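Read the structure below first, then the notes.
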Amino acid sequence: MKIFFNIGRYFILLNKVFSKPEKGVIYRNRFFQEVYSLGIGSLGIVAIISVFIGAVITIQAAFGFSSPWIPLYAVGLATRDSIVLEFSPAIVSLILAGKVGSNIAGEIGTMRVTEQIDAMEIMGVNSAAYLILPKILGFMFILPFLIVISMFLGMLGGLVFGVLTNAVTAHQYMVGIQYDFRPYNVVYALVKVVVFAFLITSISAYHGYYTKGGALEVGRSSTKAVVYASVTLLFFDLLLTQLLLA
């Protein structure tokens with residue numbers, strides 16, 4: 001029964017989060033702060049992971065396509081589709097669920113145990129909307145840009161390391177990337193990403209907002225936030241793939 005209690009309380013919290021804000025100017029400023037903190041602050045790890053995973057996918061594809069019946073441009077094709085359809089939208093989002101999710105849960109959980117949220121409530125501030133709404137909107141706004149950058153860097157990393165290791169020539173790789181390109185695949189990936197951004201921020205904020213106790217419980221809330229956000233993200237990855245690609 002506890003799972004139903006948490007689901008119900010989660011939706012009650014969302015109702016508070018999306019209620020009418022008191023002052024739009026304050027929320028706008030916090031929105032840009034969260035875009036920088038959650039999004040721009042994650043650009044480094046996204047770039048590093050994307051380049052090396054793109055390289056690994058390319059080398060593995062070249063190794064697997066060793067048959068003379070398979071043209072080498074298929075390496076670029078396989079790398080492109082792997083990165084666009086699954087790696088950048090799903091795997092990068094999973095990694096950011098750990099970084100961003102623990103950050104959000106830890107920040108809000110600390111404010112809860114130090115009674116800062118209680119002080120906001122006493123002053124008549126909608127603490128849920130003030131603390132959580134800018135994080136949700138900011139991450140939903142910036143994550144698609146991060147994923148597009150991840151796609152580009154992943155394919156660039158595949159090109160550079162594929163040529164350096166003699167797995168594929170630059171011309172063959174570029175032919176494969178352009179072969180039978182479907183813009184809908186990018187649309188599909190970005191739709192998933194927006195949903196993932198909402199899930200990561202809202203679930204993490206939920207666990208932080210209802211933290212009880214002290215510093216130890218803040219750590220536990222951060223761990224729960226990452227675990228539940230990751231599992232939920234994987235479930236919705238399956239669901240959205242079935243709905244959008246079936």
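Values in this text are rule-based calculations from the coordinates and carry no lab data. What you see is a predicted model; the values in this text were computed from it and never measured. Quick reminder, even Gly has a Cβ in these numbers, built from the backbone with ideal geometry, and neighbours come from all protein chains shown.
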Subject >> Filtered residues of region 156-177 (kept if without any contact (Cβ under 8 Å) to a residue 60 or more places away in the chain and either under 22 Å from residue 88 (Cα atoms) or of a type in the set (A, V, I, L, M) (or both)) >> reply: 163, 164, 170
Subject >> Every residue from region 203-234 that is under 13 Å from residue 103 (Cα atoms) and not small (Gly, Ala, Ser) >> reply: 203, 206, 207, 209, 218, 220, 223, 224, 226
Original post:
Any idea which of 42, 82 is under 14 Å from the mean Cα position of the chain (by Cα) and polar (S, T, N, Q)?
Top reply: 42
**OP:** Filter region 221-246 for residues that are surrounded by fewer than 19 Cβ atoms within 10 Å (Cβ to Cβ) and among the β-branched types (Val, Ile, Thr) and give the result.
**Re:** 223, 227, 231, 232, 241
Subject >> Neighbours by Cβ (under 8 Å, 6+ apart or cross-chain): first from region 193-204, within 11 Å of residue 236 (Cα to Cα) and touching a residue at least 24 places away in the same chain (Cβ under 8 Å); second β-branched (Val, Ile, Thr) and assigned to a helix (DSSP H, G or I) >> reply: 193/147; 199/232
Original post:
Given (1) touching a residue at least 24 places away in the same chain (Cβ under 8 Å); (2) within 23 Å of residue 233 (Cα to Cα), where does residue 15 come up short, assuming only one miss?
Top reply: (1)
Original post:
Taking residue 86, is it among the charged types (D, E, K, R), on the phi > 0 side of the Ramachandran plot and surrounded by fewer than 18 Cβ atoms within 10 Å (Cβ to Cβ)?
Top reply: no
Original post:
In region 1-55, which residues are in a helix (DSSP H, G or I), surrounded by fewer than 17 Cβ atoms within 10 Å (Cβ to Cβ) and of a type in the set (Lys, Arg)?
Top reply: 2, 9, 16, 28
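To keep it simple, each residue is scored yes or no on (1) of a type in the set (A, V, I, L, M); (2) farther than 30 Å from residue 14 by Cβ; (3) more than 22 Å from the chain's Cα centre (by Cα).
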{"site": "109", "(1), (2), (3)": "no, no, no"}
{"site": "112", "(1), (2), (3)": "no, no, yes"}
{"site": "118", "(1), (2), (3)": "no, no, yes"}
{"site": "150", "(1), (2), (3)": "no, no, no"}
{"site": "167", "(1), (2), (3)": "yes, yes, yes"}
{"site": "172", "(1), (2), (3)": "no, yes, yes"}
{"site": "180", "(1), (2), (3)": "no, yes, yes"}
{"site": "203", "(1), (2), (3)": "yes, no, no"}
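Per-residue answers, yes or no, for (1) in contact with a His (Cβ under 6 Å, 6 or more places away or on another chain); (2) surrounded by fewer than 17 Cβ atoms within 10 Å (Cβ to Cβ):
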{"residue": "105", "(1), (2)": "yes, no"}
{"residue": "113", "(1), (2)": "no, no"}
{"residue": "143", "(1), (2)": "no, no"}
{"residue": "152", "(1), (2)": "no, yes"}
{"residue": "156", "(1), (2)": "no, yes"}
Subject >> Top-ranked residue of region 194-209 - restricted to ones that are touching a Leu at 6+ places or on another chain (Cβ under 8 Å) and aromatic (Phe, Trp, Tyr), ranked as farthest from residue 127 (Cα to Cα) >> reply: 196
**OP:** Report, ordered by the first and then the second residue, all pairs with beta carbons closer than 6 Å, sequence separation of six or more or different chains, a first member in region 94-120 that is over 17 Å from residue 228 (Cβ atoms) and touching a residue at least 12 places away in the same chain (Cβ under 8 Å), and a second member that is basic (Lys, Arg) and part of a helix (DSSP H, G or I).
**Re:** none
**OP:** Could you please find all residues in region 71-102 being aliphatic (A, V, I, L, M), assigned to a helix (DSSP H, G or I) and more than 26 Å from residue 205 (Cα to Cα)?
**Re:** 74, 75, 77, 78, 83, 84, 85
